[in-house]
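Peer 1: Sharing a structure below in C-alpha cells format, with a few things to ask.
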Amino acid sequence: MVIVIAAVVAYMATQTTQTTQTVTIGALVPLTGSLQFMGTSGQCAIKLAVQDANKMFASKGIQFQLVTQDSACDPNTALQMLQTVYSQGIRFVVGLTCSSEVSAVKNFAAQNHIVITSISTSPLLAVPKPYIFRLPPTDDAQAQVITALMHMLGIKKLVIVYRSDAWGQGLSAAIANDSAKYGIQVLGVYGYDPSPSAMPAAEQAAVQKASAALGSPSPDAAFEIVSFDQDGAAVVQAAMNDPVLSKVRWFGTDSNVYGTADIQAGGQALANAKFMGAVAAPNPNDPHYQQFAREFTQFCGHVPTGYDPYYYDTAMMVMEAIAKTGSTDPTVINSVLEQWGKNGTYVGATGPVYFDQYHDRIYASYLIVGVAIVNGTPTWISAGFYNGTTGQITVFPQGQPLFSP
Amino acid sequence: MRRDLLIRSAALALVLVIVAILAFYSPMPENIRVLLQNLMIYIAIYSIFVISLNLEVGYLGLPQFGKVMFLIIGAIAVGGIATKLVLLIYQSYLLKAVGIAPLSNIGQYCMLYQYSVSSLVNQQLAQNPALGLGYFLFGVILAMALSAALGVIFAYPAVRLREDYLGILLLVSGEFLRVVTYYATPVACGVNGAVIPDPFAWASGADRTLVFFAVTVLFLFATFLVFEVVGNSPFGRTLRAIRDAETAAAVFGKDIVKFRIRVLALASAFAGLAGALLAYYFDYTIIGAYLPAYTFIGWTMLILGGQGNNVGAIVGVTVYYVISTILNVYKNALQAALHADPTYLAYIVFGLAIILVLMYRPQGIVPEKPIKTIDLHNLRRRLSEKKD
C-alpha cells in the first residue's frame, strides 16, 4: 500500500514540476475553527493577489497558481498541511495566521527551506526564524499606538477586557506595560474564554469585573476592548448596559475595528463612547491601499477588514520577489526578502515593508479608526493616522469629533 | 497462540522495516520521502493511540469518548513538567545567558522568552545526548503514569454506571481538563503554548527525523506486543466476555468494575505515551488545540480498521492517513472540477465511510477473529500427562 501511495504522489509531484512557467504558491489559512472568519476573508485577499500578480507579471512569462489548505488554526493540522504542500513541490507558503501554527511549522520550514509569510503578531515569535516573515508588526507596536492615543486624549485610568488567547493576552499585557510609560493607571485586566460555547456569559463576567474595578465614570477613564469581532460584540452589548462603562471612552484593536458584528450589536453605544482602535495600514490616501480596497471590495464583495491587506501582501510580496528575480529557489527568495526588508523595497497594500533582524515588520504606520454617526447610521470612519516613523498622530477632519473631550 | 503472536509481530516488524527503507533510503524525490517519513511518524503515534482505544472499545465495549484527555496529559507531562525539569537543571546557566530565571517568572517566560531559552537548552542537550535521552524517557514515563492514574480517577465516579453515563462523563472530563489547563499559564504556558526542548538535539535535519521515527516505531512495536499478549490472555478473553454478555460474565463471578478500572489504567497509560510522543515530535504543544474531535478521529480510525483486534487498529490509522493525504493533495483539483468548496470534503468522506462501513461491513477492514486457545484434545492430553 505504501508503495502505491508513494508512486501516486511521486507521479503527482512530477506533474507539478514539469510546468516550468507556472509557479505554485501554497496558502495555509484557517477555513474552519475559531478564526474561520479571518481565514475566509484572507483567502479571498490572497486569491486577489494571485490574480493581480498574473496580470502584472504576464509579460515576464510567469504565471502563479494557488493551492489552498485549511490550517484550522491548529498547530498539528498546520504542520501536516505544510508537509502535504511541500510534497507537491511547493516552496512558498503564505497566509499562516495563528502564532501557534507558526510555532509548529518553524523547524520544518527552516529544515526544508520553505519560505513562509505570515500574519502572526505574537511577541513570543520575535526570535530568529529562518525562512519565516511576518507582515504585520508585532502586538507591541499596536500597544504603543493605542497608549499614545490614550495619552493624547488625557486618559489617566484604564480597565482592560481581553480574549484569553495568545494574541489577547500578549496585546493586553503590552498595553498595560506601555500605559505605565504615560502614567496611565491600569485598574484591572480581565480575560474571558473566547470560545463560542462560553459566549456571552464569559464576556459579561469580565465586563462586570472591569466595571467594578473602575468604580465610577470620569472623563479621564477609559475601557479597552481587546477582542475580535464576534466576541467583541458580546463585550459591547454587556458594556453598553453597564452604568459605569457606558459613560467612559472605549478603545479597541486592529481586530475589532471595521467589525460588522460589533457595529450591529451596539453601533450607537460605540459612537457615544467615541470608540477608536488602530489598524496597521498605510494612510488611507495612499494610492496602493486605495487601489487594494477598491479591488478587494469588487472581488470579495465586502470592504477589507483588519488583516485583509496583510494577507494580500503576504502573497504579493513573495510573488513580486519571484517575478523580479526570475528565481524560484527559496534560498534566493529568502535572501531577497531579507534585503527588501532592509531597504523597504516592497511597497504594498500595507505600505512600505521593513523587517527587523527577526523578519518581523517594523516602522508600521497605523490608521486610527472610529465609529461616528453618518446620515443617522453608526459607521466606521478613518479618524486619524499614526506615523510609524515619527510617532506623530494626525487627526483627519471627519475624526475631529472623536478627539474632542 | 504464541505462534500467532510471533507471526503477527514478525509481520509488523517486517512492514515497519520496509517502510523505513522506503521512506529514508529509496531513490524517490526528496519531497515525497519527507512526506512519507512524517506520515509514518503520525501513523506510528496514532496507532499507539488507537490500539489503546481498541482495548477499551473493541475488547471491553467501554464508551471511551474522552480519549483526547490522554493526549492532553501527555502534552502536559512533556510541555509542562519534563520541560520545567530541564529548565531547572540549566537554571543558573539560563539566568546568566538570558538574564531571566524561567521558573521564577513563568508568565514572562511563557510570553516572551520561550524560544530564546529553548534554543540555549537545545545547544546544551546537543552536547549531552544522555541527558536528552533521560529527559525524553522521563517525559514518556511521566505521561504514562499520570495518564493511568488520571484515567482511573476521572472515570471512577461513573465506572459503576451504565455505558451511556460513563461515556458522557469521559467526554466531559476531556473537555474539562482541556479548558482548565489551557487557561492556566503555569501548567504548560497556557494560551501561548509550550515550546519543548528537543531531546534529540544532537541529531539534526533528516537524521533527527530518522531518530524520531526509529524511537516511535520501537514504541509502536512494544505497544503492539503488550496489547496482543493482553488481548489473547485470559484477561483479554474475559474482556470480550464482558463486552458480549455483561450479565453472564458477572454471573460467572467476574468483577466488571475491576476489569473496567484495569483496562482504563492500561489503555490510558499508552494513550498518554502517544500524547507525549506527539508533543516531542512537534517540539511545541498548545493544550487548547486538543478538541474532542481528536477522540472521534480515533474512533473513525478504529471503526474503519476493525474493532477487537490490534492489526485492525493499525490498518485503520493507515487507511485514514492515506485517504486524508490523498484528499488534501487533490482537493484543489477537485474544487476546479466540481466548482464546490472542498473545505469540508474530508469530513464528508469520512462521515460517509463510517456510515457505509457500519451498514455493510460493521466488523471493519480487518475483522475480529475467534480467540485461539489450546484445543480440548491437547488440554486433556496435557492434563493426563501431568497426572502420570
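Peer 1: Checking B:V317 against (1) modelled with pLDDT of 95 or more; (2) of a type outside the set (K, R); (3) over 30 Å from B:I81 (Cα atoms): exactly one of these is not met. Which one?
Peer 2: With (1) modelled with pLDDT of 95 or more; (2) of a type outside the set (K, R); (3) over 30 Å from B:I81 (Cα atoms) applied to B:V317, the lone miss is (3).
Peer 1: Could I ask something else about it? Please enumerate the residues belonging to the stretch A:172-197 that are of a type in the set (A, V, I, L, M) and more than 24 Å from the chain's Cα centre (by Cα).
Peer 2: A:A180, A:I184, A:V186, A:L187
Peer 1: If a residue must be at the interface with chain B (Cβ under 9 Å from one of its Cβ atoms) and acidic (D, E), how many such residues does the stretch A:166-194 contain? Full working, then the answer.
Peer 2: Let us first name the residues in the stretch A:166-194 that are at the interface with chain B (Cβ under 9 Å from one of its Cβ atoms), namely A:166-170, A:173, A:191, A:193.
From what's left, acidic (D, E): A:193.
Residues meeting the conditions: 1.
Condition check ((1) buried (at least 22 other Cβ atoms within 10 Å of the Cβ); (2) in contact with a helix residue (DSSP H, G or I) (Cβ under 9 Å, 6 or more places away or on another chain); (3) in a helix (DSSP H, G or I)) across all residues:
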| residue | (1), (2), (3) |
| --- | --- |
| B:F235 | no, yes, yes |
| B:T247 | no, no, yes |
| B:G272 | yes, yes, yes |
| B:A279 | yes, yes, yes |
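Peer 1: Out of curiosity, is B:T181 surrounded by fewer than 22 Cβ atoms within 10 Å (Cβ to Cβ), β-branched (V, I, T) and in contact (Cβ under 8 Å) with a residue 12 or more places away in the chain?
Peer 2: yes
Peer 1: Residues that are in a helix (DSSP H, G or I), in contact with a strand residue (DSSP E or B) (Cβ under 8 Å, 6 or more places away or on another chain) and either at the interface with chain B (Cβ under 10 Å from one of its Cβ atoms) or closer than 24 Å to A:A349 by Cα (or both): does the stretch A:55-70 have at least one?
Peer 2: First pass over the stretch A:55-70, keeping only residues in a helix (DSSP H, G or I): A:55-56, A:58-60.
So of that shortlist, the ones also in contact with a strand residue (DSSP E or B) (Cβ under 8 Å, 6 or more places away or on another chain) come out as none.
No, there is no match, as no residue in the stretch A:55-70 is in a helix (DSSP H, G or I), in contact with a strand residue (DSSP E or B) (Cβ under 8 Å, 6 or more places away or on another chain) and either at the interface with chain B (Cβ under 10 Å from one of its Cβ atoms) or closer than 24 Å to A:A349 by Cα (or both).
Peer 1: Pick from B:T216, B:T209: which is more than 14 Å from every other protein chain (Cβ to nearest Cβ), buried (at least 18 other Cβ atoms within 10 Å of the Cβ) and assigned to a helix (DSSP H, G or I)?
Peer 2: Only one candidate qualifies: B:T216.
Peer 1: Still on this structure, I have one more. Identify all residues within the stretch A:99-108 that are more than 9 Å from chain B (Cβ to nearest Cβ) and either of a type in the set (K, R) or over 21 Å from B:N332 (Cβ atoms) (or both); write none if there are none.
Peer 2: Passing the criteria: only A:V102.
Peer 1: Mind telling me which of the residues B:Y46, B:Y90, B:Y59 ends up being surrounded by fewer than 24 Cβ atoms within 10 Å (Cβ to Cβ) and of a type outside the set (A, V, I, L, M, F, W, C)? Give the steps one after another, and end with the answer.
Peer 2: Working: B:Y46 fails: surrounded by fewer than 24 Cβ atoms within 10 Å (Cβ to Cβ); B:Y59 fails: surrounded by fewer than 24 Cβ atoms within 10 Å (Cβ to Cβ).
That would be B:Y90, the only listed residue that is surrounded by fewer than 24 Cβ atoms within 10 Å (Cβ to Cβ) and of a type outside the set (A, V, I, L, M, F, W, C).
The values are calculated or read from the model by the stated rules, or taken from the named source; none is laboratory data. This one's a predicted model, so the numbers in the text were calculated from it and none came from an experiment. Counting neighbours? That spans all protein chains shown, and the Cβs are built from the backbone with ideal geometry, glycine included.
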